[in-house]
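Visitor: Quick one: the structure is below, and I'll ask about it shortly.
Derivation of every value follows stated rules applied to the coordinates shown; laboratory data play no part. Everything numeric here is computed off the predicted structure, so don't read it as measured data. All Cβ positions, even for glycine, are placed from backbone atoms using ideal geometry, and neighbour counts span all protein chains on display.
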Amino acid sequence: MFQRKALTLFILLLVLVMALPVSASERQPQQPTLATTTITTSPWTAEYFDNRDFTGTPEYGASAPAGFLNLDWGANAPLPSIPVDDWGARFTAAMNVQYAGNVTFEARADDTVTVWVDGQVVTASAPFFIPGAVYRGTVYLGVGTHTVVVQHTDITDKAYLNVTWSSDVVSGVTATVQSTIGLNFRDAPSLNGNRIGILPYGVTYPVLGRNGDATWAYLDANGLRGWASTAYLAISGNILAVPVLDASTGGSSAPAPAPGTVVTQGRAIYNVIVRNCPATSCARLGLIPWQAIVDVYGQSTDHQWVHVKYGTVVGWAYKDFVRNVGDFNVPLPDTLPVTQ
């Protein structure tokens, strides 16, 4: 009798639980979750120089582990054959990118740091130590293997180096074009959006975002970003897991002026070196004398360098050394177009 009552009670409880309404969190689709691009690196090859010009034969030290660079030498030399101060180090790794997209590098160093990807300077520090400074730069990386080189110098006292990266691509969600005649690619999630290209049949692209009802997808088409109708796309993965964007947050931005367009002028507050790329390790092209006025075309991706012309010399100058023409206490605007 007791066993029968217990079984009856269990069945009644089960029926009640099944009849309860589903909670709001269970009814709603999973909230958008941004995941960084799957990026891996080889261990870092370490080369050390007994100077800050990276000249001569380097000494090879123990390789740094794969992944982010995070090294701290304190006030010590990195190797017995390297002086305590006034030395340089170069770290090289192969970076594998699983999903194409913009990758942002962040670098911190005592005293200086420059980051290259496939031979292009992505970010570079001031030519001297600035406590707490973070140097950022963004580069578009396609699927596959890329070469990352980090150069670091120690001028005096303590030395450390930290380099990390992140991506704006949602991992794994892709869209394949199903229209055999190609698919219009637009700058807004609407048929009224301007056509910025045609996506060919059968090609697959990463999905970076969507509109509210997922009728339009925001795609990265080999660096060109825009909207395509999901009615003509085969989606792989959960499109509801990508962030909701609109024309103001996801549309194509206006192109920056061409590098040959002068957008403002600046005045040198020191004798300023002009280099052939935005980094202290780049070759010198000339010198801007103190108080000279230069034409300014734009700035580097990390906003640390300006693209300038002085006389017949066109190159890169450290931005903090070029100020407002009328008042050297006023820096050049942070809204200069990126021309790197």
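Visitor: Fewest first, what order do His307, His152, His146 take by the number of other Cβ atoms within 10 Å?
Guide: His146, His307, His152
Visitor: Most exposed first by the Cβ proxy, i.e. fewest other Cβ within 10 Å, how do Leu141, Leu287, Leu183 rank?
Guide: Arranged by neighbour count, lowest to highest, Leu141, Leu287, Leu183 become Leu287, Leu183, Leu141.
Visitor: Could you work out the relative contact order of segment 100-224, using alpha carbon pairs under 8 angstrom and six or more residues apart, expressed as a whole percent?
Guide: 25 percent
Visitor: For Trp216, what residues show an amide H to amide H distance below 5 Å, using hydrogens built from the backbone and excluding near sequence neighbours?
Guide: Residues meeting the amide H criterion: Asn211, Thr230.
Visitor: Continuing with this model, one more query. Counting alpha carbon pairs within less than 8 Å and at least 6 residues apart, what relative contact order, in whole percent, applies to segment 264-323?
Guide: Reported as a whole number, the value is 38 percent.
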